[in-house]
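For reference, the structure discussed in these notes is given below.
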Amino acid sequence: MVLSCLIFAILLDWILGDPYFFPHPVVLMGNIISLEERLVFKHFKTSQGQYLAGTFMVLINCILAVSVPGLILYFLRGWAYWVFFTYSIYQAISARMLHYEAIQVKKATARSLEEGRKRLSYIVGRETSQLDESEVYKATIETVAENTSDGIIAPLFYIFLLGPIGGYLYKTINTMDSMIGYHTEKYEYLGKVAAQVDDVMNYLPARITGLLMGIMAIFYGRYQETMASIKKYKYAHLSPNAGYPEAAIAGILDVSLGGGHYYFGQYIDKPMIGDSKKEISPSDIDRTIRVMYGTEVLFVAIYCVLFILSIKM
């Protein structure tokens, strides 16, 4: 039944994605975090106060993420239990939405650079108003690459370990990091603990994602180049984890990613990932999306084999 729910949840994600009209737990998480953020900045003015408040935010939100769905699962019985179980997995992964948003950026940029910049701003934290066409495509590829780990492999990893509660716990931490985990003057202290916990939780999933992408590179005839790219550039990122999937995609596509950008008015310098001077094109977005799906399928297939073997032992 567990494997059936898992596969059905993934198919739901591929077919439906996350319809904007449908309530989503991450939206609720984001609203709670936004409320907490406003309260903190209103009442805590010192760096120490903001750091402590940020720590309590992590604790409170993690408790909510575990207790609320945990209680729901505890009291549900029969088909209601498995429906919520499947729904929880479905809501934790976001392959279809990554696919959709990346394609929307590509289509918008084809119409005009200004439209492409605006559409890109929906899915990245950096300022997009000064990006050229190639930089818009590059940012889209980086987002899909990093979120193959953050939005697919990592939540599945924690679902495999802890069940649906693991998915909610991970999504809470990851949402906090995406909202307040920036190394900027505004968020340096408030988001420090959230960013650190997110780094810890993504440590294994990011490396698994890089390895799986390396296997996917076989189908593109670039296995050696991709593994060399991961080895060379895995730490060429401000994040200790994001370098793995980005270096893998840079190797598969034979492009260079990374580089500095403005975030909330502050320039953040980032190293380059890759040696290629090739111009990034819209077709590179399509290839990145195919790698994303292939990586997900490979990870789930490995889990299914291990799950079946564990039952037979």
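The values are calculated or read from the model by the stated rules, or taken from the named source; none is laboratory data. Everything quoted here is computed from the prediction, not taken from an experiment. Reconstructed Cβ throughout: ideal geometry from the backbone, glycine too, with neighbour counts over all protein chains shown. Surface areas here come from the heavy atoms of the whole protein model, side chains and all, with no ligands, DNA or RNA. Shrake-Rupley method; radii C 1.70, N 1.55, O 1.52, S 1.80 Å.
Note on exposure: Phe22, Phe8 ranked by accessible area (1.4 Å probe, complete protein assembly) read Phe8, Phe22, with the most exposed listed first.
A simple spin-label model places the labels of Ser134 and Leu39 4.8 nm from each other, with each point 7 Å out along Cα-to-Cβ. With a simple spin-label model that places each label point 7 Å from the Cα along the Cα-to-Cβ direction, the separation between Leu238 and Gln48 comes to 2.7 nm. A cut-off of 5 Å between modelled amide H atoms, ignoring neighbours fewer than 5 places along the same chain, links Ser276 with Ser256. Here the sum of -39500 (n - 2.57) over DSSP H runs of 4 or more residues, divided by the residues of the chain, equals -23500 deg cm²/dmol at 222 nm, to the nearest 500. Using the Cβ-Cβ distance between Ile63 and Tyr303 with R0 set to 22 Å, the FRET efficiency works out to roughly 0.20. Using a probe of 1.4 Å, the accessible surface attributed to Leu204 totals some 90 Å² when neighbouring protein chains are kept in position. Of the residues Ile15, Ile218, ranked by 1.4 Å probe accessible area with the largest first, the sequence reads Ile15, Ile218.
Over the stretch 85-160, accessible surface divided per residue gives 35 Å², non-protein components excluded, 1.4 Å probe. Counting only protein heavy atoms and using a 1.4 Å probe, the accessible area of Tyr267 comes to about 110 Å².
Across the stretch 185-313, the mean sequence separation of Cα contacts (distance under 8 Å, 6 or more residues apart), normalised by length, yields a relative contact order of 20 percent. If R0 is 41 Å, the Cβ-Cβ spacing of Val2 and Ser121 corresponds to a FRET efficiency of close to 0.60. Suppose R0 equals 51 Å. What FRET efficiency, 1/(1 + (r/R0)^6) with r the Cβ-Cβ distance, do Arg77 and Lys278 give to the nearest 0.05? So the FRET efficiency works out to roughly 0.35. Which of [x] 1.39; [y] 0.96; [z] 1.18 is the computed Rg/Rh (Cα atoms, Kirkwood Rh) for the structure on display? Answer by label: [y].
Answer rounded, prolate or oblate for the stretch 84-145, using the Cα gyration tensor with square roots of eigenvalues a ≥ b ≥ c: rounded when a/c is under 1.5, else prolate when a/b is larger than b/c, else oblate. Prolate. Using the Karplus relation 6.51 cos²θ - 1.76 cosθ + 1.60 with θ = phi - 60°, the per-residue 3J(HN,Hα) values for the stretch 291-299 come to 5, 4, 5, x, 5, 4, 4, 4, 5 Hz, with x marking Gly and Pro.
Nonpolar atom fraction for the chain, defined as the carbon and sulfur part of the 1.4 Å probe accessible area, stands at 66 percent. Stretched out straight at 0.36 nm per residue, the stretch from Glu188 to Val27 would grow longer than its current Cα-Cα span by 55.6 nm.
Here is the size of the stretch 116-269 from its Cα atoms: Rg then Dmax, 15.6, 45 Å. Residue order by solvent-accessible surface for Tyr81, Tyr244 is Tyr81, Tyr244, largest first, with ligands and nucleic acids left out and a 1.4 Å probe. Taking a Cβ cut-off of under 11 Å around Ser178, the surrounding Lys, Arg, Asp and Glu residues balance to a net charge of -3, with basic ones at +1 and acidic ones at -1. Relative to the current alpha-carbon distance between Gln224 and Ile268, full extension at 0.36 nm per residue lengthens the span by 12.7 nm. Sequence-distant contacts, meaning Cα pairs under 8 Å at least 6 residues apart, place the relative contact order of the chain at 19 percent.
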